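> Here it is, the structure in full.
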Amino acid sequence: DGRRCTTHHDVQDELARRHPKAIVVRDVLYVVDGRIITSAGIASGIDLALHLMAVWHGPSTAARIARDMVVYIRRNGNEPQHGVMLRHRAHLSDLVHRVQDTIDTRFTERLSLDALAREAGCSPRTLTRTFTATTGLTPLRYQQLLRLEHAEHLIGQGATMETAARTVGFNDARMLRRLRTTPPPSAVTP
C-alpha cells in the first residue's frame, strides 16, 4: 500500500485491481521504492540486477558483468542512464571495453595513449579512432569525465574544489572548473 511498483505490461491492470492502494507505474523496466523492488519481466530483471550491482559494488563491476553476459547496460528503470561509465558502455566492442576497464580502475593516474594502445594491442591511432567511433569520446575525454563525476561527488559531500580536483588526479582545480562549465557529450548509440 502506498508503494510504487511495476510488473509485466500484460498484468498491470490486474495488479492495480488486486492492490488498489499500490502505485502501479506503467511501461517501465523496474521500480525501486525503498526496500521494495519490482521489475516488468525476465529481461528487465536482468536490468534490475545490473542496477543493484552498480549500486552495491560500483558501476565498473556492473559494466563488467553486463559485458560477460553480452547485454547492454544502458537500460535503467524509467530514467535516462546516469554515470559516465554506464552511459558510454552501451556497445559490444571488446577492445574498447578493455580500455574502459583500465581507465575505470585507474582514472586518477596519468594514462598515456601509447600505454593504453599497447595494453589493447593496437596502435594509438587505431585506439583513438575505434574508441571515438564506439563511445563518442576520446580515451582522454572519457577519463576526464570520470574524474569530473567523481569530483562532483566529493564536492557534494563537502570537499573543496581544490581537494576534489587533486583527489581525482588533476594537478589543481583549473581543469575541474573548465570541465564543470563544458556541456557533457551524449553517448553514441550502437
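The values are calculated or read from the model by the stated rules, or taken from the named source; none is laboratory data. Only a predicted model underlies this, so the values are computations on that prediction, with no experimental measurement involved. So basically every Cβ, Gly included, is an ideal-geometry build from the backbone, and we count neighbours across all protein chains shown. These accessible areas exclude ligands, DNA and RNA; they are computed on the full protein's heavy atoms, side chains included. Shrake-Rupley method; radii C 1.70, N 1.55, O 1.52, S 1.80 Å.
> Which residues, taken from the range 54-64, are within 21 Å of residue 92 (Cβ to Cβ) and open to solvent by 50 Å² or more (accessible area, probe 1.4 Å)?
So in the range 54-64, the residues within 21 Å of residue 92 (Cβ to Cβ) come out as 54, 59-64.
Residue satisfying the conditions is 64 alone.
> For the range 145-161, which residues satisfy the criterion of being touching a residue at least 24 places away in the same chain (Cβ under 8 Å) and touching a helix residue (DSSP H, G or I) at 6+ places or on another chain (Cβ under 6 Å)?
145, 146, 148, 149, 151 - these are the residues of the range 145-161 that are touching a residue at least 24 places away in the same chain (Cβ under 8 Å) and touching a helix residue (DSSP H, G or I) at 6+ places or on another chain (Cβ under 6 Å).
> Quick check: is even one residue across the range 14-22 within 20 Å of residue 92 (Cα to Cα) and either open to solvent by less than 90 Å² (accessible area, probe 1.4 Å) or without any contact (Cβ under 8 Å) to a residue 40 or more places away in the chain (or both)?
Step one: list which residues in the range 14-22 are within 20 Å of residue 92 (Cα to Cα), which gives none.
No; the residues of the range 14-22 include none that is within 20 Å of residue 92 (Cα to Cα) and either open to solvent by less than 90 Å² (accessible area, probe 1.4 Å) or without any contact (Cβ under 8 Å) to a residue 40 or more places away in the chain (or both).
> List every residue pair whose Cβ atoms lie under 9 Å apart, where the two residues are 6 or more positions apart in sequence or sit on different chains, the first residue falls within the range 162-176 and is touching a residue at least 60 places away in the same chain (Cβ under 8 Å), and the second residue, located anywhere, is of a type in the set (A, V, I, L, M, F, W, C) and surrounded by 14 or more Cβ atoms within 10 Å (Cβ to Cβ).
168/107; 168/146; 168/148; 168/151; 168/154; 168/176; 169/107
> Condition test on residue 103, is it more than 30 Å from residue 8 (Cα to Cα) and either at pLDDT below 85 or within 18 Å of the chain's Cα centre (by Cα) (or both)? Working first, answer last.
On the way: more than 30 Å from residue 8 (Cα to Cα): yes; either at pLDDT below 85 or within 18 Å of the chain's Cα centre (by Cα) (or both): yes.
Against the criterion (more than 30 Å from residue 8 (Cα to Cα) and either at pLDDT below 85 or within 18 Å of the chain's Cα centre (by Cα) (or both)), residue 103 qualifies.
> Could I ask something else about it? Which condition from (1) touching a helix residue (DSSP H, G or I) at 6+ places or on another chain (Cβ under 9 Å); (2) surrounded by fewer than 18 Cβ atoms within 10 Å (Cβ to Cβ); (3) closer than 25 Å to residue 67 by Cα is the one that residue 84 breaks?
With (1) touching a helix residue (DSSP H, G or I) at 6+ places or on another chain (Cβ under 9 Å); (2) surrounded by fewer than 18 Cβ atoms within 10 Å (Cβ to Cβ); (3) closer than 25 Å to residue 67 by Cα applied to residue 84, the lone miss is (2).
> Considering the range 28-51 alone, what residues qualify as being open to solvent by 30 Å² or more (accessible area, probe 1.4 Å) and either assigned to a helix (DSSP H, G or I) or without any contact (Cβ under 8 Å) to a residue 24 or more places away in the chain (or both)?
Answer for the range 28-51, where residues must be open to solvent by 30 Å² or more (accessible area, probe 1.4 Å) and either assigned to a helix (DSSP H, G or I) or without any contact (Cβ under 8 Å) to a residue 24 or more places away in the chain (or both): 35, 37, 42, 43, 46, 49, 51.
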